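Working notes, beginning with the structure itself.
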Amino acid sequence: MQNPISSISNFKKFLKKILLPYFLLSVLIGFVFNLFFEKNIILGSYSSGAYKINRIINSNNKNEIAFFGSSRAERSFIPDSLVKDGFNYGMVGTAADVLMFCLREECKKKNKTVPIVFAFDLNGLNYGVGDISNFLYNSDYPPIRKLLGTDYKYIYNVPFLKYYGHFEIYTKYYLNNIISLTKLNNKGGAIEKNELTKANFDELVKLRLAGNTEFHNDPKLLADFLNIVDENKNRKFILVAPPYHRSVFAGFTNLNKAEEFLNSLKLHKNIVVLDFSQLPYPDKYFFDTSHLNLAGAVEFNHLLRDSLAHYIN
Amino acid sequence: MLFNSIEFLYFFIVVTTLFFVLPYKVRWILLLAASCFFYMFFKPVYILILAFTIFIDYFAGIFIEQEEDRKKKKIYLIASLVANIGVLAIFKYYNFLNFNLTFVTGFFHLRNPIPYLNILLPIGLSFHTFQAMSYTLEVYYGRQKAEHHFGIYALYVMFYPQLVAGPIERPQNILPQFHQKQHFSIENAQLGLNLIAIGLFKKIVVADRLGLYVDQLYANINNANSISTVLAVIFYTIQIYCDFSGYSDIARGTAKFMGFDLMLNFNFPLLSKSVSEYWRRWHISLSTWFNDYLYTPIVINRRDWGKLSVVFGLFITFLISGLWHGAAWTFIAWGILHSIALTYEFLTRKTRSKIGKKVPVFLNNFLSWLFTLSFVSFTLIFFRSDSFGKAQMVIQKILHFNFSLNLVQLCLEKGPLNLILTFLSLFLWGLIKVPDKNSGYSRNVLFLVTITFLIIILGRNAESNFIYFQF
């Protein structure tokens with residue numbers, strides 16, 4: 001049986017031989033890995049949300065036409081098919097609050113007068129920051145902290161550890177960027193190459209028909225948007241509503257409200273509304289009921305290019 | 001409080017430090033208070049259930065020991081068992097029995113007047129109830145002296161590392177340890193940390209990642225094909241093993257750090273070459289519990305039935321084992337399937353041994369392992385499914401023999417990288433070797449650093465519940 005003195009000396013030995021080397025080695029490896037991962041993987045993929053957020057904050061290319069929005073933007077806009085110098089900032093799972101953040105960041109760029117294009121979802125103005133991994137690299141940027149609100153955690157201040165649970169998503173974007181196995185990548189646009197089976201697609205249509213789609217207008221977000229528009233009269237805001245599968249409209253409870261909303265925006269001089277939401281595209285152009293597939297996106301971009309040409313030199 | 005949460009890390013550091021700082025005489029108070037806090041983190045009011053059974057069993061133990069009349073001893077034992085099983089019956093089986101009663105009365109066009117209870121199952125109820133019953137049974141059989149220190153007895157039932165999911169300890173193993181002085185030992189600390197690390201790796205990296213694939217498939221079985229369904233069935237077998245044995249490792253590691261030895265709960269069960277071997281290696285603390293307190297008494301009492309006593313004993317034991325896991329017919333089906341397999345193995349032992357001798361050893365071992373793993377995986381379809389309908393759909397998907405290579409069907413929603421990482425986590429798990437007590441300090445440090453990085457980089461930040469918590 002040990003005595004208390006040997007217990008203390010054992011603890012000192014444990015600190016010296018195990019805990020201290022463990023912490024030192026962990027910090028060292030963590031620091032090196034963090035540097036490598038951030039530089040090469042997170043910022044090495046044009047289509048990742050983290051890269052896009054970093055780009056919208058830091059890049060200042062005055063000729064770049066920015067395309068904003070959710071996954072419907074990411075999967076609908078192929079920048080090289082649409083404009084000479086464009087970038088698709090669409091991010092999966094994000095809603096209007098992230099769009100407002102992006103618009104505000106874009107409008108901060110001095111000497112930039114080119115139009116801004118953004119995709120509009122018929123479910124209206126809602127809140128949703130999407131995947132938190134999009135914001136971790138720039139988590140110390142005050143507007144990001146404000147955007148995340150209560151979702152902000154203290155761990156986001158700790159390098160390397162803040163990425164716990166998110167390494168997969170960064171790697172996924174990075175690999176997609178390199179090998180384009182499941183997506184076609186073009187300047188931030190990531191168009192789905194995969195196809196669902198017919199049974200799977202029919203199941204989604206059935207679900208869509210059974211559920212209700214609803215337009216929702218958040219007054220605070222709308223006021224925010226109109227403020228941005230009014231404060232930046234030198235910029236044109238082009239709102240594009242990409243096509244939906246027809247099943248979406250069968251279950252839409254207040255489509256008239258969405259149409260009224262779009263018509264009200266048209267009254268603003270520097271807002272252009274291009275509504276393609278009800279284009280009668282066949283099933284073969286859709287990945288699911290809200291997103292186009294590669295063939296659909298190519299077809300849609302032909303059409304959109306001509307429309308945008310009126311507003312973009 | 002989950003072992004795989006940041007709160008537990010703080011809890012572990014504070015409790016373990018205080019444990020070694022405080023004088024020996026008050027350590028039991030610290031451990032008991034910590035255990036209460038740990039349990040109350042889930043649903044505070046349920047501590048009263050534990051208090052009730054602890055109170056009953058504490059006095060039952062003393063009365064059984066003091067009483068010389070065999071009949072009275074039995075009455076005290078029965079009172080204790082009724083209290084424990086009664087709590088289980090109310091919280092775990094009441095609604096299940098009532099549901100079945102409604103079904104039967106409905107069959108005769110009658111209305112079941114008994115109302116349903118709107119209650120949550122207390123976490124780990126089956127585990128601590130069985131541990132408590134083990135105490136009174138051991139005292140009754142005269143193999144264990146009654147514990148007269150109420151605090152130590154309460155700690156025996158509530159010791160936080162094994163409170164909610166075992167191992168289901170025996171009083172002979174753990175009670176004496178609570179009376180011993182524990183000093184800080186670098187060997188215990190090393191072994192404890194290594195066990196915690198490998199347990200967390202199994203849970204966060206392997207089980208949770210496999211679970212992602214399994215959950216996607218079970219949630220959307222209509223869109224799966226035969227390949228993805230077979231993969232999910234095998235993945236679930238590994239998931240449940242890593243999830244549960246991961247928990248046991250963390251429990252044993254946490255206890256070991258403070259100098260307490262909990263029993264080994266898993267001994268590489270997925271390498272078993274027969275179902276009976278599987279049950280000697282899987283959830284050892286429960287299978288030995290059933291063996292000691294249910295199966296053996298049944299077989300001994302019915303020994304005049306010959307081989308039939310074993311068959312009967314197996315059937316009853318696994319029927320109850322199924323029910324122990326969950327109040328649903330799918331768990332009962334799982335238990336009965338295992339009893340059938342064990343009966344088959346028992347009745348054909350000699351024949352199989354003769355055939356085995358004619359086949360090359362390697363081939364015999366390989367086929368035995370493959371059949372066992374396939375059987376165990378098949379039975380787990382019932383374990384994982386929330387209804388017979390779902391289990392039937394999974395089996396039908398396998399039997400459709402649809403081997404299309406559609407990427408969405410194969411990789412499911414999360415895509416190919418998730419599937420690649422799933423295989424990578426399995427591969428890494430196979431490579432990892434936990435250092436033993438003879439390994440040097442540097443080997444231990446390297447192991448801990450490697451596991452830490454694998455968890456951070458490959459782990460799922462889900463803080464998901466352990467599967468066995470629901471039992």
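Could you check how many residues of the range B:160-211 are acidic (D, E), under 17 Å from the mean Cα position of the chain (by Cα) and within 14 Å of another protein chain (Cβ to nearest Cβ)?
First, pick out the residues of the range B:160-211 that are acidic (D, E): B:169, B:187, B:208.
Filter again for under 17 Å from the mean Cα position of the chain (by Cα), leaving B:169, B:208.
So of that shortlist, the ones also within 14 Å of another protein chain (Cβ to nearest Cβ) come out as B:208.
Count: 1.
Taking the range B:324-383 as the search range and keeping residues that are hydroxyl-bearing (S, T, Y) and without any contact (Cβ under 8 Å) to a residue 24 or more places away in the chain, which one is surrounded by the most Cβ atoms within 10 Å (Cβ to Cβ)? Please lay out each step first, then the result.
Quick first cut of the range B:324-383, residues hydroxyl-bearing (S, T, Y) only: B:330, B:339, B:343-344, B:348, B:351, B:353, B:368, B:372, B:374, B:377, B:379.
From the residues that got through so far, the ones that are without any contact (Cβ under 8 Å) to a residue 24 or more places away in the chain too are B:344, B:348, B:351, B:353, B:374.
On the way: B:Y344: 12, B:T348: 12, B:T351: 9, B:S353: 9, B:S374: 14.
Among those that are hydroxyl-bearing (S, T, Y) and without any contact (Cβ under 8 Å) to a residue 24 or more places away in the chain, it is B:S374.
Going through the range B:185-228 one residue at a time, which ones are part of a loop (DSSP other than H, G, I, E, B) and surrounded by 24 or more Cβ atoms within 10 Å (Cβ to Cβ)?
B:A224
Could you list, in sequence order, the residues of the range B:455-470 that are more than 10 Å from chain A (Cβ to nearest Cβ), under 18 Å from B:L9 (Cβ atoms) and surrounded by fewer than 16 Cβ atoms within 10 Å (Cβ to Cβ)?
Initial filter on the range B:455-470 (more than 10 Å from chain A (Cβ to nearest Cβ)): B:464-470.
In the following step, the residues that additionally are under 18 Å from B:L9 (Cβ atoms) were identified as B:464-466.
Listed by number, the list holds a single entry, B:N465.
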Residue list for the range A:139-190, filter: buried (at least 17 other Cβ atoms within 10 Å of the Cβ), among the polar types (S, T, N, Q) and within 21 Å of A:E74 (Cα to Cα): A:T171, A:N176, A:N177, A:T182, A:N185, A:N186
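Consider the range B:386-398. How many of its residues are touching a residue at least 24 places away in the same chain (Cβ under 8 Å) and not in a loop (DSSP other than H, G, I, E, B)? Don't jump to the end; show me each part of the working.
Residues of the range B:386-398 touching a residue at least 24 places away in the same chain (Cβ under 8 Å): B:386-388, B:390-391, B:393-394, B:397-398.
Subsequent filtering for residues that are not in a loop (DSSP other than H, G, I, E, B) retains B:388, B:390-391, B:393-394, B:397-398.
Result for the range B:386-398: 7.
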Residue match in the range B:412-434 (condition: in the same structural domain as B:G192 (by TED's automatic domain parsing), assigned to a loop (DSSP other than H, G, I, E, B), over 30 Å from A:S133 (Cα atoms) and in contact (Cβ under 8 Å) with a residue 40 or more places away in the chain): yes
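When residues of the range B:23-40 are filtered for being of a type outside the set (A, V, I, L, M, F, W, C) and more than 15 Å from B:I152 (Cβ to Cβ), how many remain? It would help to see each step written out before you state the result.
First pass over the range B:23-40, keeping only residues of a type outside the set (A, V, I, L, M, F, W, C): B:23-25, B:27, B:35, B:39.
Keeping just the survivors that are more than 15 Å from B:I152 (Cβ to Cβ) gives B:23, B:39.
Summing the residues that are of a type outside the set (A, V, I, L, M, F, W, C) and more than 15 Å from B:I152 (Cβ to Cβ) in the range B:23-40 gives 2.
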Residue match in the range B:395-404 (condition: surrounded by 17 or more Cβ atoms within 10 Å (Cβ to Cβ), farther than 30 Å from A:N176 by Cβ, at pLDDT 90 or above and out of contact with any Leu (no Cβ under 6 Å at 6 or more places or on another chain)): yes
Complete set of residues in the range B:419-454 that are buried (at least 20 other Cβ atoms within 10 Å of the Cβ) and facing chain A (nearest Cβ under 8 Å): B:L421, B:N444, B:V445, B:L448, B:V449
Residue list for the range A:131-150, filter: within 14 Å of chain B (Cβ to nearest Cβ) and in contact (Cβ under 8 Å) with a residue 40 or more places away in the chain: A:D131, A:S133, A:L136
Among the residues listed as A:F249, A:F261, the single one being in contact (Cβ under 8 Å) with a residue 60 or more places away in the chain, farther than 16 Å from A:G90 by Cβ and among the hydrophobic types (A, V, I, L, M, F, W, C): A:F261
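Assess whether A:A295 counts as being without any contact (Cβ under 8 Å) to a residue 24 or more places away in the chain and in contact with a Lys or Arg (Cβ under 7 Å, 6 or more places away or on another chain).
Details: without any contact (Cβ under 8 Å) to a residue 24 or more places away in the chain: yes; in contact with a Lys or Arg (Cβ under 7 Å, 6 or more places away or on another chain): yes.
Judged against the criteria, A:A295 is a match.
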Filter result (farther than 28 Å from A:V240 by Cα and touching a Leu at 6+ places or on another chain (Cβ under 6 Å)) within the range A:122-154: none
Matching residues, the range A:103-130, being touching a residue at least 40 places away in the same chain (Cβ under 8 Å), surrounded by fewer than 20 Cβ atoms within 10 Å (Cβ to Cβ) and either in contact with a Lys or Arg (Cβ under 6 Å, 6 or more places away or on another chain) or not charged (D, E, K, R) (or both): A:C107, A:N111, A:K112, A:T113, A:P115, A:N123, A:G124, A:N126, A:Y127, A:G130
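Within the range A:37-45, identify whether any single residue is of a type in the set (K, R), over 13 Å from the mean Cα position of the chain (by Cα) and under 30 Å from B:K181 (Cβ atoms), and answer yes or no. Spell out the reasoning first.
Filtering the range A:37-45 down to residues of a type in the set (K, R) leaves A:39.
Next, from what is left, pick out any that are over 13 Å from the mean Cα position of the chain (by Cα): A:39.
Filter once more, keeping what is under 30 Å from B:K181 (Cβ atoms): none.
No, the range A:37-45 contains no residue that is of a type in the set (K, R), over 13 Å from the mean Cα position of the chain (by Cα) and under 30 Å from B:K181 (Cβ atoms).
Working only within the range B:264-285, note down all residues that are farther than 16 Å from B:W334 by Cα and part of a helix (DSSP H, G or I). Let's see the steps before the verdict.
Quick first cut of the range B:264-285, residues farther than 16 Å from B:W334 by Cα only: B:264-274, B:277, B:280-281, B:284-285.
Answer for the range B:264-285, where residues must be farther than 16 Å from B:W334 by Cα and part of a helix (DSSP H, G or I): B:P269, B:L270, B:L271, B:E277, B:R280, B:R281, B:I284, B:S285.
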Per-region count, the range B:399-411, residues more than 9 Å from every other protein chain (Cβ to nearest Cβ) and either under 30 Å from B:L193 (Cβ atoms) or not in a helix (DSSP H, G or I) (or both): 5
Failed item, numbered, when A:I56 is tested on (1) among the β-branched types (V, I, T); (2) touching a Cys at 6+ places or on another chain (Cβ under 6 Å); (3) farther than 18 Å from A:Y170 by Cβ: (3)
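Here is a yes/no grid of residues against (1) touching a His at 6+ places or on another chain (Cβ under 9 Å); (2) outside the structural domain of B:L264 (by TED's automatic domain parsing):
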{"position": "B:A165", "(1), (2)": "no, yes"}
{"position": "B:F178", "(1), (2)": "yes, yes"}
{"position": "B:L193", "(1), (2)": "no, no"}
{"position": "B:I198", "(1), (2)": "no, no"}
{"position": "B:I204", "(1), (2)": "no, no"}
{"position": "B:V230", "(1), (2)": "no, no"}
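Condition test on B:R143, is it modelled with pLDDT of 90 or more, within 18 Å of B:M263 (Cβ to Cβ), among the charged types (D, E, K, R) and in contact with an Asp or Glu (Cβ under 7 Å, 6 or more places away or on another chain)? Before the answer, list the steps.
Numbers: modelled with pLDDT of 90 or more: yes; within 18 Å of B:M263 (Cβ to Cβ): yes; among the charged types (D, E, K, R): yes; in contact with an Asp or Glu (Cβ under 7 Å, 6 or more places away or on another chain): no.
It is false that B:R143 is modelled with pLDDT of 90 or more, within 18 Å of B:M263 (Cβ to Cβ), among the charged types (D, E, K, R) and in contact with an Asp or Glu (Cβ under 7 Å, 6 or more places away or on another chain).
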Selected residue (criterion: farthest from the other protein chains (Cβ to nearest Cβ)) from residues of the range A:1-57 that are hydrophobic (A, V, I, L, M, F, W, C) and closer than 16 Å to A:G189 by Cα: A:I56
Residue among B:V233, B:V299 that is assigned to a helix (DSSP H, G or I) and more than 27 Å from B:S464 (Cα to Cα): B:V299
Filter result for B:Q392 (away from every other protein chain (no Cβ under 11 Å), modelled with pLDDT of 80 or more and over 27 Å from A:N194 (Cβ atoms)): yes
Sole residue being at pLDDT 90 or above, under 30 Å from A:H302 (Cα atoms), surrounded by 18 or more Cβ atoms within 10 Å (Cβ to Cβ) and not aliphatic (A, V, I, L, M), chosen from A:S76, A:S81: A:S76
Filter result (surrounded by 15 or more Cβ atoms within 10 Å (Cβ to Cβ) and under 25 Å from A:D230 (Cα atoms)) within the range A:255-267: A:K257, A:A258, A:E259, A:F261, A:L262, A:L265
Evaluation of A:K62 against (1) of a type in the set (K, R); (2) away from chain B (no Cβ under 14 Å); (3) within 30 Å of B:N188 (Cβ to Cβ) (one fails), failing number: (3)
Residue in the range A:36-53 that is touching a residue at least 40 places away in the same chain (Cβ under 8 Å), in contact with a Pro (Cβ under 8 Å, 6 or more places away or on another chain) and at negative phi present: no
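The values are calculated or read from the model by the stated rules, or taken from the named source; none is laboratory data. As the structure is a computational prediction, the values presented were derived from the model and not from experiment. Glycine gets a Cβ as well: all are built from the backbone with ideal geometry, and neighbour counts include every protein chain shown.
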